[in-house]
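S.K.: Submitted below is the structure of interest, expressed as structure tokens.
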Amino acid sequence: DCFSMTNVSWYGGASVRGQTWPINDQNATTQPFTVSDLKDNPSGFGSALERYFLGSSGVAVLVSPDIPLQLGLDSRQQFCLQSLPSMERVPLQYTVCVAHNVKAAHQEAVQQFSQHTRELPNTKALWLPFWKLLTNVDSGQKVERELRTFSNRIRRHQLGEGVISLNEHSTTLLSDMDHDYLNSRKRGMSKRLTRDLPLVKLLNISITLSPFLGVDTTQFHNSLMDGTEAYWLSLPSAPQGQLIPVMSQWRGKFCVKLNITNPGAVSWFLDRVGSLQAHLGMEYVMLEGGEGNLFEEQALRPPQAFSGDKYISLLADLATRIGDSTIVTAGTRSSHKPLFVRMTPLQSDWSPMGLKGIIPSLLHHTLLGYNFLIPDAVGGSQSGDLVTDEELFIRWLEITAFLPVISFHTPPWVCGEDRVLNLTRSYIAKHQRDVVPLIEKYAEEWLMTGNPIYRPMWWLSPNDPMTFTIDDQFLIGDEVLVAPVVEKGAVQRDIYLPDGGFQWQDSQNAQVYDGGTFLQDYPVPLEEVAIFLRRS
């Protein structure tokens, strides 16, 4: 069944590379509508993904969660839903809601598709910038040393309290460290040694884990010896034969993947997190690697429990058991859970795959209920290289200062002069002073109603076609309009102030404008963002 995109702007569905808002400009060949890793499958669908499509004419389409589904998009023409061709020939099942405008349709649809009680993650994370520890060392002691150096640097540059993020490799090195060594340090042989320990225990760190385990590890060999091979995703060797773990690749290594439906496997994983907690005292855990279907990628027929992208939903359940400071890299059917979702890494450029993709991606996530986002690091982190374009870094910082969490891959003291450092300090302060209290206020509204914290322009003016395609402005709640610069070299931009029978005040010069005003070539110098406050 196909839905026309002529004269209707559509939202929802899935993230894609080069996210657009609305989705009308997207092209995708008909393929299974499941979350894949966009790095491995650039033309696929990524997180966040929900079986929900919203049209600007006041129509919402909700597809049944139980049928295998394919989706195709023909840019500006139509999008098509199709059930998967199979022996069973399962028919499509979906509900269409019609309301008097796009906002009313969305509010009605939210009541339909989120039957669960919504819960907040630990909002303390909103106050703290996240700093990626970039290191390429081969031992836990060296990771420890790099951590200390990096932490001192952040302090020396007066960047305040923050969280230092370790990747999976550094996490593994620290967890493999001789625990006696850690314990002997803990007993505090001397004052000097105890002073050294703030290191891991007293630093605020986030670690990274995945459900993968290398086939060359002792843990995997032990599981084959002690009969716990069912801890890994497996298939029987013959109709009634013994289970054989399915091999896959993760981060360049041959691995097996945790069988998340096996209670013993889940307990083993949670025990591992508990022991890391005891040794490292970390507050935040990032869970990577839920995307993709291990079986289908190898043309194997998956067990029913793992068809499509069910693994991601199960991983979200596991993440919730770890605690409310857990970050996942993919979201589907889990927007009500108390988790943070990391947005897909972006290119370090001005294109829709880079800076220009941030706001469309923000609006897409929050429309689907994923409000507690960790956007990609300032300047983009997809390539893994440090950002050298000072203007790009500053404009990116200006956007993320208004998002839930600011994260860094390129430290500000590496990119540019003191100006970049000073701006970083002032935008972190602005985020803590002005933005976090607003997010906390509208988080309460989200709990009660499901209304997004970050809103598109049509939220305040749902009958105004001008608002349907604005992809470079956003609202925080109903009261703050943020209009950053997303064009290289620009120091001015057009701004549309939606009309809902109220006025808007420029936060820089206190000038007041009526709703429905179109401001052409509005000046926005490099170090500023245009912010308008609603005046009723």
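The values are calculated or read from the model by the stated rules, or taken from the named source; none is laboratory data. These numbers come from a predicted model, not from an experiment. Positions of Cβ are backbone-derived with ideal geometry, glycine not excepted, and every protein chain shown enters the neighbour counts. For accessibility, only protein heavy atoms count, side chains too; no ligands or nucleic acids. Shrake-Rupley method; radii C 1.70, N 1.55, O 1.52, S 1.80 Å.
S.K.: Within segment 315-337, restricting attention to residues that are farther than 17 Å from Gly44 by Cβ and in contact with a Gly (Cβ under 8 Å, 6 or more places away or on another chain), which residue is surrounded by the fewest Cβ atoms within 10 Å (Cβ to Cβ)?
M.R.: Top of the filtered list is His336.
S.K.: Taking segment 277-299 on its own, how many of its residues are more than 17 Å from Met247 (Cα to Cα) and open to solvent by 10 Å² or more (accessible area, probe 1.4 Å)?
M.R.: Looking only at that region, the number is 7.
S.K.: Go through segment 244-261 residue by residue and tally those that are touching a strand residue (DSSP E or B) at 6+ places or on another chain (Cβ under 9 Å) and open to solvent by less than 70 Å² (accessible area, probe 1.4 Å).
M.R.: Looking only at that region, the number is 9.
S.K.: For Arg342, state whether it is open to solvent by 10 Å² or more (accessible area, probe 1.4 Å) and either β-branched (Val, Ile, Thr) or within 29 Å of Leu62 (Cα to Cα) (or both).
M.R.: Judged against the criteria, Arg342 is a match.
S.K.: Could you identify the single residue in Arg187, Arg195, Arg145 that is open to solvent by 30 Å² or more (accessible area, probe 1.4 Å), over 19 Å from Glu283 (Cβ atoms) and modelled with pLDDT of 90 or more?
M.R.: Being open to solvent by 30 Å² or more (accessible area, probe 1.4 Å), over 19 Å from Glu283 (Cβ atoms) and modelled with pLDDT of 90 or more holds for just one of Arg187, Arg195, Arg145, which is Arg145.
S.K.: I've got another one for you. Go through (1) within 27 Å of the chain's Cα centre (by Cα); (2) over 25 Å from Leu373 (Cα atoms) one by one and return the number of the condition Val96 breaks.
M.R.: (1)
S.K.: For residues that are open to solvent by 60 Å² or more (accessible area, probe 1.4 Å) and among the hydrophobic types (A, V, I, L, M, F, W, C), scanning just segment 497-525, find the one that is nearest to Val486 (Cα to Cα).
M.R.: My answer is Phe518.
S.K.: Please list, ordered by first then second residue, the pairs with beta carbon atoms under 6 Å, 6 or more apart or interchain, first in segment 29-49 and of a type in the set (D, E, K, R), second in a loop (DSSP other than H, G, I, E, B).
M.R.: Taking only residues 6 or more apart or on different chains, the pairs are Asp37/Glu291; Asp37/Gly292.
S.K.: Now a separate question. Any residue in segment 426-437 that is in contact (Cβ under 8 Å) with a residue 12 or more places away in the chain sitting within a Cβ distance under 6 Å of a residue that is part of a helix (DSSP H, G or I) and open to solvent by less than 60 Å² (accessible area, probe 1.4 Å)? List the pairs, counting only those 6 or more apart or interchain.
M.R.: Close Cβ pairs satisfying both conditions: Tyr427/Leu397; Val436/Leu126.
S.K.: Let me ask another. Considering every residue within segment 124-139, establish whether at least one is hydroxyl-bearing (Ser, Thr, Tyr), within 29 Å of Ala319 (Cβ to Cβ) and part of a helix (DSSP H, G or I).
M.R.: no
S.K.: What pairs come up if the first residue lies in segment 87-113 and is open to solvent by less than 80 Å² (accessible area, probe 1.4 Å), the second is modelled with pLDDT under 95 and polar (S, T, N, Q), and their beta carbons are under 6 Å apart, counting only those six or more places apart or on different chains?
M.R.: Val90/Ser83; Leu92/Ser83
S.K.: Among what's in segment 243-299 and is assigned to a strand (DSSP E or B) and of a type in the set (A, V, I, L, M), pick the residue that is modelled with the lowest pLDDT.
M.R.: Leu243
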